[in-house]
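The next block holds one structure in the form of structure tokens; read it before the comments.
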Amino acid sequence: MKQSKLFGKTTKEIPKDETSKNAQYLIRGGFVDKSMAGVYTYLPLGKRVLTKIENIIREEMDAIGGQEILMPALMKKEDWQTTGRWDIDVMMKVKTFFDKEYGLGWTHEEVVTPLAKKYARSYKDFPFSLYQIQTKFRSEKRAKSGILRGREFSMKDLYSFHTNEEDLDKFYDQSKNAYFKIFDRVGIKEKTYLTFASGGDFSKYSHEFQTLTSAGEDLIYICDKCHIAVNQEIIEDLENSCPECGNKKLKEEKAIETGNIFKLKTRFTEAFGFKFLDKNGKENIPLMGCYGMGPSRLMGTVVELSNDEGGIIWPKEIAPYQVHLICLGDDEVVIKEAEKIYESLQKEKIEVLYDDRNESAGVKFKDSDLIGIPLRIVISKRTMENNSVEIKERLSSDTEFTSLDGLVGFVKDRI
Ligand SMILES: [Zn+2]
């Protein structure tokens, strides 16, 4: 992509009410545009990052047998009334001209349970799990945390269906592992803790995945021995001790919830009268689990954790581009060589953002730091004198040089 043609620009100006780091960097870097409080447009750079995160989640959900579907965002009032959740305060409601009311989905048990009931009737149809990545809506009283807590946001929600508890437990554990694989690939695993939370009516615990950040609104209590944490809401029930090892020296930290998994058991299947025939031809109620994770929130969390005063530092797997090629000066020979590099990298399917703008070196470097692509290649009259280009990794302050001939091979080794 030529930067001169890229829609969206870096800017020094950010809306006054944006106090969170993620919103400030993402708006300044031209990744997102604020539409209103808690509602953002993803510009081309931001959309690329979001899509990469969604695809990582997709791969890991497919790997544990999840099947992707897409459910409607507009949902039937009657189904929410069936489960008694129509009047929950996070629900956004829409009313038509003819006074018919609908709910906008903030979760999808009310769609997926009747759907599963329609297709799964025999024990032979189980187990199965369905997921979607979709826009969700929440009526947030305050939305001040950028894309960490939006009124409209992207969400992966998976629902699993089982004939017995053992099978639900097995899938529940698999999903824990899958979640940590995702955190690893987006670069936040080290700071993310499996966190014990209240299980509601049906289970002793549910689990959250909490990532340490000063931008977080949750307080968690960490056991260093087990690398797990306890949510503030249940810490008193546990007498301030670790549920795994009994350790009483837990560390209080601020964190943000980057995922949650929950054994719903028969909470929704029962409400919708969902039954299946077991091996003996007897009717039984299936068990359910739900597993949530927000790609847009993950993106915001990565920005909160991975930045310096110059801007964002994207982990390799989710950077908008793999390489930032910067051409300095207006010398025609240099520009021609830069074009050649741009084309040869693209031919090798390497994702390149090519800064071909007529701007000063200072402006280009500043923008490059802000945008945060992991590998930077600089070509100028000076580097050309030695038939070379300058290479700099976003994370490092060192620069090195490599020959023009060996450049493509060099880049392939680094990305
Ligand atoms: Zn412990």
Next item on the list: Determine which single condition TYR193 fails, assuming it passes every other condition in (1) of a type in the set (Phe, Trp, Tyr); (2) touching a Pro at 6+ places or on another chain (Cβ under 9 Å); (3) assigned to a strand (DSSP E or B).
Entry: (2)
Next item on the list: Of all residues in the stretch 124-141, count the ones that are surrounded by fewer than 17 Cβ atoms within 10 Å (Cβ to Cβ) and either at positive phi or among the hydroxyl-bearing types (Ser, Thr, Tyr) (or both).
Entry: 2
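Report whether or not SER360 is touching a Ser or Thr at 6+ places or on another chain (Cβ under 8 Å), free of Cβ contacts under 8 Å to residues at least 24 places away in the same chain and either among the acidic types (Asp, Glu) or outside the structural domain of ILE27 (by TED's automatic domain parsing) (or both).
Working: touching a Ser or Thr at 6+ places or on another chain (Cβ under 8 Å): no; free of Cβ contacts under 8 Å to residues at least 24 places away in the same chain: yes; either among the acidic types (Asp, Glu) or outside the structural domain of ILE27 (by TED's automatic domain parsing) (or both): yes.
When the stated conditions are applied, SER360 does not pass them.
Find the residue count for the stretch 276-288, including only residues that are in contact (Cβ under 8 Å) with a residue 24 or more places away in the chain and either charged (D, E, K, R) or within 16 Å of the ligand (Cβ to nearest atom) (or both). Walk me through how you get there before you give the answer.
Let us first name the residues in the stretch 276-288 that are in contact (Cβ under 8 Å) with a residue 24 or more places away in the chain, namely 276-279, 284, 286-288.
When the remaining residues are screened for being either charged (D, E, K, R) or within 16 Å of the ligand (Cβ to nearest atom) (or both), the result is 278-279.
Qualifying residue count, the stretch 276-288: 2.
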Next item on the list: Just one of (1) within 24 Å of ALA215 (Cβ to Cβ); (2) outside the structural domain of GLN24 (by TED's automatic domain parsing); (3) surrounded by 18 or more Cβ atoms within 10 Å (Cβ to Cβ) trips up LEU353, so point out which.
Entry: (1)
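From GLY273, GLY300, GLY310, grab the single residue that is among the small types (Gly, Ala, Ser), touching a residue at least 40 places away in the same chain (Cβ under 8 Å) and closer than 30 Å to ASN387 by Cα. Steps first, answer last, please.
Values: GLY273 fails: closer than 30 Å to ASN387 by Cα; GLY300 fails: closer than 30 Å to ASN387 by Cα.
Testing whether each residue is among the small types (Gly, Ala, Ser), touching a residue at least 40 places away in the same chain (Cβ under 8 Å) and closer than 30 Å to ASN387 by Cα leaves just GLY310.
Residue-by-condition table, conditions (1) of a type in the set (Asp, Glu); (2) modelled with pLDDT of 95 or more:
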{"site": "ALA338", "(1), (2)": "no, yes"}
{"site": "ASP356", "(1), (2)": "yes, yes"}
{"site": "SER368", "(1), (2)": "no, yes"}
{"site": "LYS381", "(1), (2)": "no, yes"}
{"site": "LEU404", "(1), (2)": "no, no"}
Item checked: Of the criteria (1) surrounded by fewer than 18 Cβ atoms within 10 Å (Cβ to Cβ); (2) closer than 30 Å to PRO295 by Cβ; (3) among the hydrophobic types (A, V, I, L, M, F, W, C), which one ALA361 fails -> (2)
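Among VAL39, VAL32, VAL94, which is the only one that is in contact with a Phe, Trp or Tyr (Cβ under 7 Å, 6 or more places away or on another chain), of a type in the set (Val, Ile, Thr) and touching a residue at least 40 places away in the same chain (Cβ under 8 Å)?
Numbers: VAL39 fails: in contact with a Phe, Trp or Tyr (Cβ under 7 Å, 6 or more places away or on another chain); VAL94 fails: touching a residue at least 40 places away in the same chain (Cβ under 8 Å).
Going through VAL39, VAL32, VAL94 in turn, just one is in contact with a Phe, Trp or Tyr (Cβ under 7 Å, 6 or more places away or on another chain), of a type in the set (Val, Ile, Thr) and touching a residue at least 40 places away in the same chain (Cβ under 8 Å): VAL32.
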Notebook entry, point to check: Where in the stretch 18-128 are there strands (runs of 3 or more DSSP E), lying fully within it, with 3 or more residues that are hydroxyl-bearing (Ser, Thr, Tyr) and over 24 Å from LEU305 (Cβ atoms)?
Noted result: none
Margin query: Looking at the stretch 203-242 only, could you name the residues that are in contact with a helix residue (DSSP H, G or I) (Cβ under 6 Å, 6 or more places away or on another chain) and assigned to a loop (DSSP other than H, G, I, E, B)?
Written below: THR213, ALA215
Notebook entry, point to check: Out of curiosity, is THR83 loosely packed, with under 15 Cβ neighbours inside 10 Å and in contact (Cβ under 8 Å) with a residue 40 or more places away in the chain?
Noted result: no
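Of THR266, THR211, which residue is modelled with pLDDT of 95 or more, buried (at least 22 other Cβ atoms within 10 Å of the Cβ) and hydroxyl-bearing (Ser, Thr, Tyr)?
Details: THR266 fails: buried (at least 22 other Cβ atoms within 10 Å of the Cβ).
Every option except THR211 fails the conditions.
Do we find that GLU208 is within 12 Å of the ligand (Cβ to nearest atom) and either within 21 Å of LYS189 (Cβ to Cβ) or among the aliphatic types (A, V, I, L, M) (or both) in this structure? Even if it seems obvious, please write down each step before you answer.
Details: within 12 Å of the ligand (Cβ to nearest atom): no; either within 21 Å of LYS189 (Cβ to Cβ) or among the aliphatic types (A, V, I, L, M) (or both): yes.
No.
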Next item on the list: Quick one: in the stretch 211-250, of everything that is on the phi < 0 side of the Ramachandran plot and among the polar types (S, T, N, Q), which residue is nearest to the ligand (Cβ to nearest atom)?
Entry: ASN247
Next item on the list: Collect the residues in the stretch 337-393 that are polar (S, T, N, Q) and touching a Phe, Trp or Tyr at 6+ places or on another chain (Cβ under 6 Å), keeping them in residue-number order.
Entry: SER388
Notebook entry, point to check: Can you name the number of the only condition in (1) hydrophobic (A, V, I, L, M, F, W, C); (2) surrounded by 18 or more Cβ atoms within 10 Å (Cβ to Cβ); (3) modelled with pLDDT under 95; (4) under 21 Å from THR163 (Cα atoms) that ILE234 fails?
Noted result: (4)
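Would you say GLY246 is assigned by TED's automatic domain parsing to the domain that holds TYR123, in contact (Cβ under 8 Å) with a residue 24 or more places away in the chain and in a loop (DSSP other than H, G, I, E, B)?
Working: assigned by TED's automatic domain parsing to the domain that holds TYR123: yes; in contact (Cβ under 8 Å) with a residue 24 or more places away in the chain: no; in a loop (DSSP other than H, G, I, E, B): yes.
Here the answer is no, as GLY246 does not meet what is asked.
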Checklist line | Conditions (1) within 21 Å of LYS170 (Cα to Cα); (2) touching an Asp or Glu at 6+ places or on another chain (Cβ under 8 Å); (3) more than 15 Å from the ligand (Cβ to nearest atom); number of the one not met by THR266 | finding: (2)
Notebook entry, point to check: Of GLU257, GLU253, which residue is within 23 Å of the chain's Cα centre (by Cα), within 16 Å of the ligand (Cβ to nearest atom) and either at positive phi or outside any loop (DSSP other than H, G, I, E, B) (or both)?
Noted result: GLU253
Notebook entry, point to check: Looking at LEU395, is it over 24 Å from LYS9 (Cβ atoms) and either without any contact (Cβ under 8 Å) to a residue 60 or more places away in the chain or outside any strand (DSSP E or B) (or both)?
Noted result: yes
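The values are calculated or read from the model by the stated rules, or taken from the named source; none is laboratory data. Source: prediction; values computed, not measured. Virtual Cβ from ideal backbone geometry, glycine too; neighbours counted across all protein chains shown.
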